[in-house]
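Below is one structure; the comments refer to it alone.
Bear in mind that the values in this text are calculations on the coordinates, not laboratory data. Quick caveat, the model's predicted, so the values are computed rather than measured. We place every Cβ from the backbone using ideal geometry, glycine too, and count neighbours over all the protein chains shown.
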């Protein structure tokens, strides 16, 4: 019998350095210190109070709950500390045509019948004149609750429609970063204040060996996490990794943001309202509402964009509007040498579907799955880059769909995006939908079938036909079951409390008046 092998630890990554704070930096530090700050490994985060964060995200998607759960964060405490509200989906206004309104809900869209996809049975009803395409939201528990401005956490009873609710959060991202900082420091993360003024590299490998602060302090590392924002201090300024520009598909390159006073109890959904050359977000928190206008400077100047934003606010501004400039795209390598980029240093896709924080979360989870030894294996690094490219391209395609699937022709912007060529991966999906309403989830795509169906039907993309397999089920029985489902969702939602009532009952509502408002940029991180 062979002798057991000794565990080799001499080649273990021991010093991890996170460059930059904000949401991305403190998410990385909190996660890394949760598992790796064991007295043998060290986690150091470098940030300068003189360098402001871009603003970071306020709206999220359901996987954020997995991240918080991994860190053992009590949900009610998190809600209270970050002034958070629940989010059941995103309401889109004026996207397909002026006057249109639909919701992209989280969770299921109806229930499949005998293995046949619900949306195919719904399409059969549409083609037979028994349903309007826009009524698909009547078959989503999350959408119905959102429409009534109600909320309830999912029930453990699978027979209850409440079990089908899925949700994410709106939160003050500055407060979230502060919350994660406290957690990370309790877990052993060491924060170093200062600006990085010099980078030292290994003369043989080209890896980053250390960074030097303005104070003269030198901080060595085996692995560096670049969370320095758009400038990409290590991944781009030092390693010259390169950036892939996607603005020919997504021409938005500016965002103006401003917080406002709440004028009503916060809704449990984000709103995205299309304008002449972009769109406006509305994100309700406990203590204020986040607002912003994402637009393309090719089609609109900043003064006009600012006026549109200010003219469409529901409450009084709490701060001066701020402008952010960006280029949609991603680094050619998210991981280069011994530097892993997260957040804005890795890439940027506008916050239309609230994916920015998720891309940080995905990058952290992928790094855990491929955490390297020293020296770093090119195979593991390449696998990380392949996976990150896949998820960025998946999000890119889904966001492009919102612009391509429009009937608007009231401005040059909308005429151009509706007729533009799209990536082959998206064109294939749209063609399969056009033929028989089919949607296939490839690999580990972030957005599942209900999301694609919600956007395509919501923006008037009705297929030419439905899948003939739907005709194998009895029409009368299916129609009765669909009616019962619709009525059940509605009756259940009407019994739920408003989300403010729910938050207060749960002890998750922050009672004190907060300090000066912070300005956050939608779901940028």
Taking Cα atoms only, helix 424-436 is inclined relative to the longest principal axis of the chain by an angle, in degrees rounded to 10, of 20 degrees
Computed over the chain: longest principal axis from alpha-carbon atoms vs helix 302-311 long axis, angle to nearest 10 degrees, is 60 degrees
Residue order, fewest to most beta carbons within 10 Å, for 469, 283
469, 283
To the nearest 10 degrees, how steeply does helix 173-186 sit against the main Cα axis of the chain, on a 0 to 90 scale?
40 degrees
Taking 0.36 nm per intervening residue step and subtracting the Cα-Cα distance, what contour gain separates residue 477 from residue 265 on full extension?
72.3 nm
By its C-alpha gyration tensor, with a ≥ b ≥ c as the square roots of the eigenvalues, how is the stretch 364-508 shaped: rounded for a/c under 1.5, else prolate for a/b larger than b/c, else oblate?
oblate
The chain, relative contact order [Cα under 8 Å, separation at least 6], %
25 percent
In the set [x] 43, 28, 21; [y] 39, 26, 25; [z] 35, 25, 23, which value of semi-axes √(5λ) of the Cα gyration tensor in Å was calculated from the structure you see?
[y]
Of the listed peptides 445-451, 18-24, what is their order by residue-averaged count of other C-beta atoms within 10 Å, with the highest listed first?
18-24, 445-451
Ellipticity estimate at 222 nm from DSSP helix runs (n ≥ 4, -39,500 (n - 2.57)) divided over the chain, nearest 500
-10000 deg cm²/dmol
What relative contact order, as a whole-number percentage, does the stretch 254-325 give when Cα pairs under 8 Å and 6 or more residues apart are counted?
45 percent
Run the numbers for residue 193 and residue 435: contour at 0.36 nm per residue of separation, minus the present Cα-Cα distance, in nm.
81.4 nm
Please give, to one decimal in nm, the separation of the simple spin-label points placed at residue 97 and residue 15, each 7 Å out from Cα toward the Cβ.
6.4 nm
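Tell me whether the stretch 254-325 comes out rounded, prolate or oblate; compute the Cα gyration tensor, take square roots of the eigenvalues as a ≥ b ≥ c, and use a/c under 1.5 as the rounded threshold.
Prolate shape, in that a/c is at least 1.5 and a/b is the bigger ratio.
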Which ordering of 200, 287, 248, 358 is given by a fewest-first count of other beta-carbon atoms within 10 Å?
248, 200, 287, 358
Fewest-first ordering of 326, 171, 151 by Cβ atoms within 10 Å yields 326, 151, 171
Classify the stretch 30-113 from the C-alpha gyration tensor, please: rounded if a/c falls under 1.5, else prolate or oblate depending on whether a/b exceeds b/c.
prolate
How many nm separate the modelled label positions at residue 157 and residue 498, each set 7 Å beyond the Cα in the direction of the Cβ?
2.7 nm
